[in-house]
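Below you'll find the structure, written out as structure tokens, and then a few comments.
Rule-based calculations on the coordinates, nothing more; no lab input. Since the structure is predicted, the reported quantities are computational estimates derived from the model, not experimental observations. Reconstructed Cβ throughout: ideal geometry from the backbone, glycine too, with neighbour counts over all protein chains shown.
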Amino acid sequence: MLTLSCPTLAGTAVALPQTIPTPAAVAWLKEGSGYSETQTFYLFPATGGLCFVQLAYSEVSLSPLAQVTVYISTPSCSYFKSFNNSGSALKVAAGDRAGSTCNDYSVTSAGDGKFVIALKNKEVVANLTVDLSAESTLKVGDAKVHFTPKGGAKPDGYLATTYGTRGTASGVIMANGAAVDVSGRATLVHQYQGISPHKIATQWNFFTFATPSISLTTVSGTTPATYNSETFATLAADVTGLGSLVATEQSLEFPTTAVDATTGYAVPKTFKMHSVLNNGYTLEASGNLDFGKVNRIDVLGELPWLVRKAVQYFVSKPFVYQYVDGSAKVVVKDAEGKVVAEEQGVGMFEVSFTNPPN
């Protein structure tokens, strides 16, 4: 069993952000060097399954890259494809900087958390609207998790995340000859990594979940030995009757794993998460991953040759494992242990590895 525990790490190599919900705008930063930035809309169709559309920008190599990714895992359609563009293709909208264009992909910010998303190429056509509650678009404190190298006196990079925890989606994605109506719930993650991903973590973990009374998203990971092998985590949630919440302590366990013979990674088959929230309540999440249905992504295989060679210099075998669990469970309890909210529904769990075990 693998266990990752992340209490408030004040005074250690990885410091959690101030653990309070703070309203946040979803604005592109595009600053610094050696950084990457993503804006991802997660869509939970009422008919089942999950989809996401993502725009990623990276300057981790000498050739900046903008990448649009579409993922569909529903009863009627399974699809995954990344479309690569030069970094110069990404144009950030003026004003609130929440909107953008990237060749045949566009995100238009209509204000107050409303986004219109369009994509049209030879493989995919998407016309979507995502409406996020302004009250549930937030960051955890100042949003920044800071990273200090081993023996270092101060951090040399940080991870900043803005969460849209409760939203609605409408529209259609057409791929593989299928039309997927995404009408239902939505979450959003906007993430800025001011340091190369392989320096931040040897393993990343991600979970997003959206049901009528509970929505949440969490990001966690374990830093490499060069950054003291610490763990870090942030979680933002919205619970009916309780409003916006964030975690002050969090633990993540993988009770059972299966070694992928192709990569050598121990991939989780089950997970359990326990979080202490800023109001003193607790949140517990659990789920199962059917290894036979996991979407395994060879990260280097999704990159252009020049970028792939640059990344490969630092990272030998990065892989991402994604799985949509239709029966994930989340329970919220008050300080006395009484259940105040409980939901079972669709959740997406993702684990990323940057280097295989020795």
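Simple spin-label estimate for Lys272 and Thr101 gives 5.2 nm between the two label positions (7 Å along the Cα-to-Cβ direction from each Cα). The magnitude of the dipole of the chain, with charges of +1 and -1 set on the Cβ of Lys/Arg and Asp/Glu and taken from the Cα centre, is near 680 debye.
Using a cutoff of 8 angstrom between alpha carbon atoms and counting only pairs six or more residues apart, the relative contact order for the chain works out to 17 percent. Here's the picture: charge each Lys and Arg Cβ at +1 and each Asp and Glu Cβ at -1 in the chain, and of Ala24, Ser286, Gly194 the one pushed furthest to the positive end of that dipole is Gly194.
The shape of the stretch 47-114 comes out oblate: with a ≥ b ≥ c from the C-alpha gyration tensor, a/c is at least 1.5 while a/b does not beat b/c. Each Cα pair under 8 Å and six or more residues apart adds its separation to the average, and for the stretch 74-231 the resulting relative contact order is 16 percent. Extension gain, Ala94-Lys150: 0.36 nm per intervening residue step, less the Cα-Cα distance, totals 16.2 nm.
First measure r as the distance between the Cβ atoms of Lys333 and Thr240, then evaluate 1/(1 + (r/R0)^6) with R0 = 22 Å and state the FRET efficiency to the nearest 0.05.
My answer for the efficiency is 0.90.
Here Asn279 and Ser63 are evaluated by their C-beta separation; at R0 = 45 Å the FRET efficiency comes out at 0.45.
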